[in-house]
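Single-structure report; data block below.
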Amino acid sequence: MDYFLLLLTSLLICNYFHPWRGADAQSSFTIRDISISLEPSSDVARGTNVTVRCQALVSISGTEPLSREYKIYKDGITVYTKNMGSSDDLLYRLPDARVSNTGKYKCQINIDGRGMTSESKKLKVTGLSAPQFHFNKGVVSEGEELTAKCTAPGETGSIIFYFYDNSKEIREERVNSDMSEVKLHFNSVGIHKLYCSYTIPVTPDSFQSDKSQALTLTVKELLITPVLEIIPNNNIYEGDRLDISCTIRNLVYNSGNAHLYLSRGTQLLSRGDTNVNHSMIALAKDSEEFECRLEMGKVVKVDTKKVPVVELFSVPTLTMSPKEVFHRENMTLTCKSSSYASERLHRDQLTYSLDPPGSLLIPKITGVFFVKALLYEFNYTCIAQAKGIHKYSKPLTVRPKVTVSTPRISVVGRAVLGRPFKVLCQSDIGSLPINYTLFKEYDELSKASVKHRLEQALFTVTIDRPEDINKFMCEAKNSPLSSSETPLSKRLDATVVVPLSHPTLTVIPVLPEIAEGDHVFMICSVKGTPPVTFKWYYDGKDKPIFTTTLEKNNTDYQIPALSKEHSGTYYCEASNPANNVVRSAPIIIEVRLASWKKALIIGFCLLVVSVLVVVCVLCFRAKRGKREAAAELSVKPSSPKSDDSLTVSLTRDIEVYNEAPGKVERVDISVWSERPPQAAHEEESSMVSNEPDVEYTEVVHPQQGDNARAVAAVPLRKGTETVYSELQKSALGAADHHDYGCVEYADLNGEHANINHRQSGINNCQDLPVPVD
């Protein structure tokens with residue numbers, strides 16, 4: 001028992017101090033879901049008790065409670081936070097709900113750093129309380145302060161209050177309470193109907209209350225008023241003195257907050273507390289209104305008067321003659337007032353002057369000035385003066401014209417022979433407008449007028465010869481000078497681009513002599529103005545094989561070592577700044593064999609011919625040798641009992657040619673001969689005489705298509721006898737032998753080639769006929 005208790009205690013202690021115990025406790029839960037609900041509904045009337053319920057579904061292991069932190073959000077702002085150790089729902093109560101409680105609500109739960117947020121739900125509360133309006137006085141004097149109060153009973157949140165006077169909004173106040181108190185002032189005398197209302201803004205909407213009850217306010221007029229006096233008040237001319245005063249009427253007590261302001265239009269003439277005086281010379285512009293303004297606290301009262309002032313003389317105008325002048329030319333400036341008050345002013349009393357001074361006044365002519373134009377632009381002003389009144393004319397800007405300088409003539413772009421091109425005539429100095437004239441050898445061609453700075457005098461011309469370019473000149477005029485005084489430009493000097501023509505492609509060496517390994521020059525030449533861009537093309541290729549641009553009319557393309565691959569059609573193209581492209585006639589280059597290759601081929605051919613001749617000769621001799629091959633001669637006793645009789649066997653393979661070419665038949669010839677005794681004696685005689693006897697053997701050869709005989713004479717040399725043998729070949733190819741005699745040996749033309757020695761024991765040399773010489 002004690003052992004069991006000790007073991008249980010050890011297990012509990014180990015479990016408590018186990019290193020993963022805390023981590024496992026923290027991770028032994030999961031937040032499965034969280035939701036929010038609005039009770040009793042999401043759309044309620046004002047004064048309803050609303051409950052926002054936050055319900056979380058959390059799965060845990062064990063019985064140890066978890067600390068849960070709940071947050072309630074309204075329109076993204078936290079409005080309620082609570083920590084709970086139980087799994088109960090969180091309840092956020094809104095007793096007696098108001099419109100300000102309207103918004104989107106959502107709930108959030110956090111457990112040990114892990115959290116989850118519910119979806120949002122919108123609560124809408126409708127209905128506002130009626131506003132209540134009060135002020136402290138029912139009757140006030142003009143400018144007196146009034147305290148007004150507007151209340152929204154029971155409403156919460158941010159509220160905007162509006163105050164109205166006879167349906168006109170006079171004040172707006174935004175507060176975070178249900179009441180607004182303001183100070184009001186009224187300057188208009190009479191009865192005023194006052195009321196208020198309020199608005200509660202709830203994003204994204206706003207709720208407007210009804211109007212409060214209207215209250216009546218009486219505003220009494222203050223007897224104090226400003227007074228404006230002007231002396232004289234009629235028949236006022238320019239130059240008359242005006243005395244002006246601004247005072248306060250019915251001032252029953254000395255008020256320290258009363259102020260007077262005297263002004264004419266936007267010009268403040270003077271200011272004071274109870275009385276303001278001002279003196280000035282009347283001018284025509286003084287016909288504007290004069291104003292006497294009284295400000296006392298919030299009370300403002302105004303008295304205005306308009307004083308008509310007769311103009312003594314009109315504002316002068318300044319003119320010049322002539323309308324355009326050049327530097328240092330004389331001009332006349334005239335200053336004059338178009339009207340004056342003759343009843344108050346004599347013409348001689350009106351004088352004129354010119355600003356700047358130093359101009360010459362023409363005697364006996366008032367307001368006329370003789371002036372020399374300056375070298376630059378200048379403004380002149382005329383001043384008319386009478387009885388201390390000065391009037392200034394509008395400034396007259398004199399822009400002296402600059403005499404045009406000698407023009408320059410140039411070509412715009414390129415001058416291409418035979419094509420229209422532009423000629424520009426331009427002067428560096430000169431006032432606009434400038435009239436330009438183009439001449440060709442002093443003959444007028446065309447005119448152009450430049451009236452604006454961005455315009456140019458451009459002329460279109462065409463020439464047929466390059467030297468015609470120097471015949472053009474131009475003239476520029478901007479003043480009425482005679483043509484003899486107008487400068488002419490220099491003659492036009494420009495490069496004339498001659499379009500390309502006559503393209504020629506030349507090959508060196510000449511075409512029939514081109515062979516492999518040669519160094520070839522393809523020279524492309526044209527007529528026209530450089531720079532010229534040359535391009536060489538090989539037929540079958542879209543891109544040029546060589547391109548170059550040079551300041552000359554011809555150039556070449558070289559191939560250092562020709563090969564068979566260079567054979568083909570070539571041509572060249574050329575272009576120059578005239579933008580015309582010319583092409584040469586195509587040439588065909590055929591690369592022949594090199595000389596050493598030709599010699600090698602010829603030598604090889606001769607060698608082949610020689611070999612063929614040798615082979616033919618050898619073949620011919622071989623065939624002839626076969627026909628004349630030596631026969632093999634064998635001699636043996638015809639009978640073992642006879643010593644005087646000999647059997648001579650002549651065997652030879654002879655090639656027999658049929659008439660059909662290429663067909664060769666081989667025939668074996670065997671000759672047997674038995675020599676009688678007298679033959680030996682004759683033989684000895686023959687040997688003594690040293691003269692060879694010739695014997696002949698006839699060979700019968702079958703003809704093609706029939707069994708005709710072919711006879712061949714073969715000389716057989718033996719003693720003094722001549723023997724003929726005849727062989728006949730049967731249809732089956734076997735030779736029929738006819739023995740006509742016996743010989744000892746046979747010699748075929750003295751040669752022994754291809755002689756086969758055979759034993760002939762079949763036929764005996766019997767009863768052979770004796771050949772005849």
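The values are calculated or read from the model by the stated rules, or taken from the named source; none is laboratory data. Bear in mind that the values here come from a model prediction, so they are computed numbers and not experimental data. Neighbour counts run over all protein chains shown; Cβ positions are idealised from the backbone, glycine included. Note: accessible area is taken over every heavy atom of the protein model, side chains too, but ligands, DNA and RNA are not part of it. Shrake-Rupley method; radii C 1.70, N 1.55, O 1.52, S 1.80 Å.
Picking from SER129, SER37, SER87, which residue would you name as being farther than 30 Å from THR218 by Cα and surrounded by 15 or more Cβ atoms within 10 Å (Cβ to Cβ)?
Unique residue meeting the criteria: SER37.
Among all residues of the range 195-213, there is none that is under 30 Å from ASP303 (Cβ atoms), surrounded by 12 or more Cβ atoms within 10 Å (Cβ to Cβ) and at pLDDT 90 or above. Six or more apart or on different chains, Cβ under 9 Å: which pairs go from a residue in the range 297-313 that's under 14 Å from HIS185 (Cα atoms) to one that's of a type in the set (S, T, N, Q) and outside any loop (DSSP other than H, G, I, E, B)? Could you list them? Qualifying pairs under 9 Å: VAL299/SER141. Just to verify a result, which residue in the range 415-433, among those that are assigned to a loop (DSSP other than H, G, I, E, B), surrounded by 15 or more Cβ atoms within 10 Å (Cβ to Cβ) and modelled with pLDDT of 90 or more, is nearest to the chain's Cα centre (by Cα)? This residue is LEU417.
The listed residues are TYR442, TYR436, and the only one of them that is within 30 Å of GLU467 (Cβ to Cβ), open to solvent by 80 Å² or more (accessible area, probe 1.4 Å) and not basic (Lys, Arg) turns out to be TYR442.
For the range 221-230, taking the residues that are of a type in the set (A, V, I, L, M, F, W, C) and at pLDDT below 90, the one that is nearest to SER287 (Cα to Cα) is identified as ILE224. Can you tell me which residues in the range 524-557 are open to solvent by less than 80 Å² (accessible area, probe 1.4 Å), outside any strand (DSSP E or B) and farther than 13 Å from ASN576 by Cβ? Result: GLY540, PRO544, ILE545. For ALA258, are the conditions met, namely being touching a Lys or Arg at 6+ places or on another chain (Cβ under 9 Å), of a type in the set (A, V, I, L, M, F, W, C), farther than 19 Å from GLU169 by Cα and buried (at least 16 other Cβ atoms within 10 Å of the Cβ)? No: the conditions fail for ALA258.
For the range 236-255, what are the residues that are over 18 Å from THR225 (Cα atoms) and open to solvent by 50 Å² or more (accessible area, probe 1.4 Å)? Hits for the range 236-255 are ARG241, ASP243.
Residue count for the range 463-522 satisfying the condition of being in a loop (DSSP other than H, G, I, E, B), open to solvent by 30 Å² or more (accessible area, probe 1.4 Å) and among the polar types (S, T, N, Q): 2.
State all residues of the range 180-206 that are outside any strand (DSSP E or B) and closer than 29 Å to GLY76 by Cα; if no residue qualifies, say none. Scanning the range 180-206 gives THR203, PRO204. Can you say whether LEU454 is surrounded by fewer than 13 Cβ atoms within 10 Å (Cβ to Cβ), at pLDDT below 90 and either in a strand (DSSP E or B) or touching a His at 6+ places or on another chain (Cβ under 6 Å) (or both), as far as the supplied structure shows? When the stated conditions are applied, LEU454 does not pass them.
Apart from one condition, LYS447 fits all of (1) more than 45 Å from the chain's Cα centre (by Cα); (2) open to solvent by 50 Å² or more (accessible area, probe 1.4 Å); the exception is (1). Taking residues in the range 102-125 that are in contact (Cβ under 8 Å) with a residue 24 or more places away in the chain and farther than 16 Å from ASP205 by Cα, and partners anywhere that are hydrophobic (A, V, I, L, M, F, W, C) and open to solvent by 40 Å² or more (accessible area, probe 1.4 Å), the pairs with Cβ atoms closer than 6 Å and at least 6 places apart or on different chains are ILE109/MET116. Residue pairs whose Cβ atoms lie under 6 Å apart, separated by 6 or more positions or on different chains, with the first residue in the range 163-180 and modelled with pLDDT of 90 or more and the second not aliphatic (A, V, I, L, M) and not in a strand (DSSP E or B), are ASN176/SER158; ASP178/GLU155. Just so you know, in the range 142-161 the residues that are open to solvent by 40 Å² or more (accessible area, probe 1.4 Å) and in a strand (DSSP E or B) include one that is nearest to SER37 (Cα to Cα), and it is LYS149. Here GLU64 clears all of (1) out of contact with any Leu (no Cβ under 6 Å at 6 or more places or on another chain); (2) without any contact (Cβ under 8 Å) to a residue 60 or more places away in the chain; (3) not in a loop (DSSP other than H, G, I, E, B) except the condition numbered (3).
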